[in-house]
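**Q** Below are the structure tokens for one structure; questions will follow.
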Amino acid sequence: MSEKEKLLNPDPGVCLPWKVKVEEIGEFPGNEEIAKKEWEKLDDFAYNFIWFWAQR
Amino acid sequence: MNEKEMLYQKRLERYTTAMDCGKPDMVPVAFGIGEWIVKYTGTTLQEIYYDLDKSNRIVSEMLPGLDFDIFKGGPSLWWPPMFDALGSKLYKFPGMGVDENSTFQFNEQEYMKADDYDEFIASPTEWLVNHYLPNISTELENPGSYRSTIALIKGAAAFAMQGGIMGAAWAKWTVEHGIVGQGTGFTKAPFDTLGDALRGMKGVLLDLRRRPDKVLAACDAITPHNVNCSLAGAGADTRFPCFAPLHRGAYPFLNPKQWDTFYWPSLKATIEGMWAKGKRMLFYAEGDWTPYLEKIAELPDKSIIFQIDTTDPKKAKEILGGRFCLQGGVPTTLLTYGTPEKVKEHVKRTFDELACDGGFILDTGGVVMGDAKKENALAMIEAAREYGVY
């Protein structure tokens, strides 16, 4: 299993934590909070889509 | 404030007062326009399920003639095109697997195998993505393939589209008809998440004997996700309860010891976790929960609305009344096999038994089936207004 494939075990409401993504990006020249806020909204949408199928 | 806004406020006040175990001006009435409407509209059940605009139009046409407080929703529980996009094996829908006028069927299977427990427990969300979605979806059988990628794009788009269409419909019903929705969010008992969709009834019952520790660990792993699910789809709303259909906890699916050990602890933790965030559960106790009422009474005051389906209503009132709002009272079978006169008599008797101190919402016990008669459904809300004034 490669470094990228290690289990993330994300928290409820999260699929891919921002901190994982931002580490991959490295230096962040702009306002990180703006990007983080929108990232987390979409991540939450994806989470709801995934769990929708398990809550039948 | 216009007439519809005032109507909304009046209904909302009735609902919230009852939820907090108080006595409003009259008994609030919850009502849904179920599959039974189809035979009165010249459409097929398939059209109702597949065409959300048509389904919502039918609801919009019916609402002006109905006087109730809390709306439980229209006749299409699911939107099949989203399931079709993924080649979902979970359901057979009207016109796609079953007759165009047959209700949907759940295709229960062991979509999660016994060997999957450890990986699921280690990271539930990742396991769902990597294994469960491909297991339940023919289009996702080859992850990374053209068809799989297209199916995921279409499925996620459909999820957003449905949310947008239904959000707009509910906004319209609120503004134009003063409608108050029953709840926001959707969650389940962790044991039901495991036993309904993942392991199936046969699988989970065998697991109770063969791998009980795995069942408990899986329920513990699911619990924080189910707390989150109660708020996530609701935009963090805490005014209204989260709908939680409860299945395997009904007596006698499990014996009392199994219920105490496997079903209740994680459900209780889910409710307590929700309540700590200010979110109440519509404890939709399908079937008979009479043997468990004392345990349910251990919950924090007002943290649930307890739905009475075939639970003994007098015992529910005796054990839970005053601390938890009760909802229900009208057997769904009465709407199919009864007459308007019998329905009205039953509503009057229900009010005498359950509503006298407040903290009660009149509703059908469970989901009203497609063979219910419209005249009986209407008789229920007419009788509620006739006998429900405090």
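**Q** Quick one: putting +1 on the C-beta of Lys and Arg, -1 on the C-beta of Asp and Glu, what dipole do you get for the protein assembly as shown around its Cα centre, in Debye to the nearest 20?
**A** 600
**Q** What percent of all Cα-Cα pairs in the stretch B:184-319 falls in each 5 Å bin, counting up from 0?
**A** With a bin width of 5 Å, the distribution comes to 2, 11, 22, 24, 20, 14, 7, 1, 0.
**Q** Moving on. Calculate, in nm to one decimal, what B:LYS374 and B:ARG210 gain on full extension: separation in residues at 0.36 nm each, minus their alpha carbon distance.
**A** That works out to 54.3 nm of additional length.
**Q** Next up: Can you give the FRET efficiency to the nearest 0.05 for A:GLU40 and B:GLU3, using r as the Cβ-Cβ distance and R₀ = 41 Å?
**A** Efficiency at R0 = 41 Å is approximately 0.50.
**Q** Going by Cα centres, the stretch B:111-137 and the stretch B:359-390 are how many Å apart?
**A** 41
**Q** Related question: If I model a spin label at B:ASP53 and B:LYS23 as a point 7 Å from the Cα along the Cα→Cβ vector, what separation in nanometres do I get?
**A** Going from the B:ASP53 label point to the B:LYS23 one covers 5.0 nm.
**Q** Tell me, B:VAL29, B:VAL129, A:VAL20 in order of fewest to most beta-carbon neighbours within 10 Å?
**A** Ascending Cβ contact count within 10 Å gives the list A:VAL20, B:VAL129, B:VAL29.
**Q** May I ask for the distance between the Cα centers of the stretch B:271-294 and the stretch B:195-225, given as a whole number of Å?
**A** Taking the Cα centre of the stretch B:195-225 as reference, the centre of the stretch B:271-294 is 20 Å away.
**Q** Between B:LYS10 and A:ASN31, what's the calculated FRET efficiency when r is the beta-carbon distance and R0 is 51 Å? Round to 0.05.
**A** Computed FRET efficiency for B:LYS10 and A:ASN31 comes out at 0.65.
**Q** On to the next question. Once both labels are modelled 7 Å past Cα along the beta-carbon direction, what's the B:GLU61-A:LYS19 spacing in nm?
**A** 5.6
**Q** Going by the alpha-carbon gyration tensor, a ≥ b ≥ c the square roots of its eigenvalues, is chain B rounded (a/c under 1.5) or, if a/c is not under 1.5, prolate (a/b greater than b/c) versus oblate?
**A** oblate
**Q** In nm², what is the average projected area of the convex hull enclosing the Cα atoms of the protein assembly as shown?
**A** The Cα convex hull of the protein assembly as shown, projected and averaged over all directions, gives 22.8 nm².
**Q** For B:THR339 and B:LYS89, what is the calculated FRET efficiency with R₀ set at 35 Å and r taken between the beta-carbons, to the nearest 0.05?
**A** Once rounded, the FRET efficiency stands at 0.30.
**Q** State the extension gain, in nm to one decimal, for the chain segment bounded by B:ILE150 and B:CYS356, taking 0.36 nm per residue of separation less the distance between their alpha-carbons.
**A** Using 0.36 nm per residue and subtracting the Cα-Cα distance, I get 68.5 nm.
**Q** What average number of partner chain Cβ atoms lie no more than 10 Å from the Cβ of the residues making up B:120-130? The partial results should precede the final answer.
**A** Details: counts 0, 1, 2, 5, 6, 14, 6, 3, 5, 4, 0.
For peptide B:120-130, the averaged partner shielding equals 4.
FYI, it's all coordinate maths here, none of it is from the lab. Model, not experiment: these values are computed from the prediction. Reconstructed Cβ throughout: ideal geometry from the backbone, glycine too, with neighbour counts over all protein chains shown.
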